[in-house]
Structures are given as structure tokens and as C-alpha cells.
Amino acid sequence: MSGPRSAVVFDADETLVDLRPAITGALVAVLEEMRRRTPAAATVSLADLEEDWGAVFGALSAAPVQEIRRAALARSLARAGLETELDELAELFFARRYALSRPFPDALPALAALRPHHVLGFATNGNSRAERCGLAGQFAFELYAHEGGLPKKPAGEFFAAVVAAAGLPAARIVHVGDSPEHDVVAAQRAGLRAVWLNRGGLPRPRGLEPDAEVSTLAGLSTVLNTLTSANA
Ligand SMILES: [Mg+2]
């Protein structure tokens, strides 16, 4: 036997990358800048900016995340008559968002423990570039939706690309992520195995049958040893 016979592929946002503080911090920076630019922004709140993402997401969910974010920011700026300043404020948003993006504390130790035994991959719908989120050099391969026309999860084509990049049969690949629909159901539909990362201790959605469930990445090594040796 030569080399790992299994691969572990990670979702990015809310799995390896602690995205929420980065997004909140970036929105706060945008709001402060809006208020510096016009008194009309005094009545705009952080909650308004957060709502604007939700308001545009439904119609644009298949679009690149950067486009969805620009559409949300455009809506927020319109609240204060700042529509023409979208380019500058979007640049401010993304600069802060990346500057504040960090892996969860359990991420790097888990990757280090797994690396001797598995091919490690990174596969995201979003724009959390590994190298801009404290994860440079951690993976054998990285896949980003919209690069090379790759559709987003839960598309079967996304997982076909994961399988091709891992260079192993789908059944030898375990996908780890926080989204029941995108990371568990869709991965299993494509023939991969799936570990649901449930950091918040949420009740398991009806019908969801992950191959394993973990509450942190610390327990992953043990779970994966069992999963990847089960049909060795
Ligand atoms: Mg996620």
C-alpha cells in the first residue's frame, strides 16, 4: 500500500472558518463609514445591514458570494442615499472580512492530526480563500464554487469535482461540514460519506442520517479512523 487510501474534505464557512465575527466586524466597519459620510446613516443599524443580506440571498443564492454581498451592500447604502459609493464600501467590507477571518481553535490541530493518514481537501461555496483565512498550505486540493464554472453545493457536479480532485473512489472520501443539506445530504447523494459538524448542539433535522456527528473537530480523528477502516 502506498499513500493514504482515504480523503477528508472540509467545508469552509462555520466548519473550519469562524465566519460570523468576520462578517459582523466588516458590517460594523461599513456602518461606521456610512455614518462618517452622511448624517442620513444615523438611523441605519447593524440589524438593517444583516437583514439586507437575507433580503437578497433568496433571489441570488446560486450567484457567487461576492455578488450577493455587493447586492446586499447596495441595498444598505440606499438606506442612506449612498448608492454611488458601493465600490469603495464593498472594498472596505472585503478588506475587513478577510482581515478578521480566522480558523476555529480546533481546526489546525484537527488537520495536523489527520494529515498523516488522509488526503485533506477544502471545498466551499463561498469566498473564504484558504490562504486569506489562516489556512494556507493545509490542503492537497482546494475547490471553490464558480471557479472553472463549478456550480455550488448541493449540485452533484460539485461533488464530482471533489471526487476527481481527491483521486479516490467516492466511498473512500468523507465530507465534513456544518450544513445538513449541503454537506451531509448532498455529499451522501454523490456517494461520499458525511460527518455532520453540529457546533451548536442543534436537534438533528428529520431524515438526516450522517455517517457520524461531532460537536467539535477535536473528535474527528477517532470518528474517521472508524469510518475509513469500516470497508477497507
Ligand atoms: Mg458551512
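If you wrap the range 24-151's Cα atoms in a convex hull and average its projection over all directions, what's the area in nm²? If you can, show how the numbers build up before the last one.
Details: hull surface 35.8 nm².
One quarter of the hull surface, i.e. the mean projection, equals 9.0 nm².
Grab every C-alpha pair in the chain, bin the distances at 5 angstrom width from 0 up to the longest one, and report whole percents.
1, 7, 14, 17, 18, 15, 11, 8, 6, 3, 2, 1, 0, 0
Counting pairs of Cα atoms in the range 19-99, how many percent are more than 18 Å apart?
Working: 1074 of 3240 pairs.
Of all Cα-Cα distances in the range 19-99, 33 percent exceed 18 Å.
If the elastic network links every pair of Cα atoms under 10 Å, which of Gly167, Gly200, Gly25 fluctuates the most in the Gaussian network model of the chain?
Top of the fluctuation ranking is Gly200.
Just to verify a number: FRET efficiency for Arg115 and Ala47, C-beta to C-beta distance, R0 = 35 Å, to 0.05? Mind showing how you got there, number by number?
Values: r = 41 Å, r/R0 = 1.18.
Taking R0 as 35 Å, the efficiency between Arg115 and Ala47 is 0.25.
How compact is the range 111-185 by the rule of thumb for globular proteins, expressed as Cα Rg over 2.2 N^0.38 Å?
On the way: Rg = 12.1 Å, N = 75, 2.2 N^0.38 = 11.3 Å.
So the Cα radius of gyration is 1.07 times the expected 2.2 N^0.38 Å.
Name the shape class, rounded, prolate or oblate, that the alpha-carbon gyration tensor gives for the range 124-232, where a ≥ b ≥ c are the square roots of its eigenvalues, rounded holds for a/c under 1.5, and otherwise prolate holds if a/b is larger than b/c and oblate otherwise. If you can, show how the numbers build up before the last one.
Working: a/c = 1.33, a/b = 1.27, b/c = 1.05.
In terms of gyration-tensor shape, rounded.
Before I look further, what does the range 19-99 give for accessible area per residue, probe 1.4 Å, in whole square angstrom? Present the calculation step by step, with values, prior to reporting the outcome.
On the way: 4130 Å² over 81 residues.
In whole numbers, the range 19-99 has 51 Å² accessible per residue.
By how many degrees, between 0 and 90 and to the nearest 10, does the Cα long axis of helix 220-229 differ from the longest principal axis of the chain?
The angle comes out at about 40 degrees.
Within the accessible area of the range 56-143, what % is carbon and sulfur when the probe is 1.4 Å and the other protein chains stay in place?
After summing per-atom areas, the C and S share lands at 55 percent.
Under a point-charge model restricted to the Cβ atoms of Lys and Arg (+1) and Asp and Glu (-1), what is the dipole moment magnitude of the chain relative to its Cα centre, in debye to the nearest 20? Could the numbers behind the result be given before it?
Details: 23 positive and 27 negative charges, 88 e Å.
With only Lys, Arg, Asp and Glu charged at Cβ, the dipole is about 420 debye.
The values are calculated or read from the model by the stated rules, or taken from the named source; none is laboratory data. All of these numbers come straight from a predicted model, not from anything done at the bench. Cβ: placed from backbone, ideal geometry, glycine included. Neighbour counts: every protein chain shown. Side chains included, ligands, DNA and RNA excluded: accessible areas come from the protein's heavy atoms. Shrake-Rupley method; radii C 1.70, N 1.55, O 1.52, S 1.80 Å.
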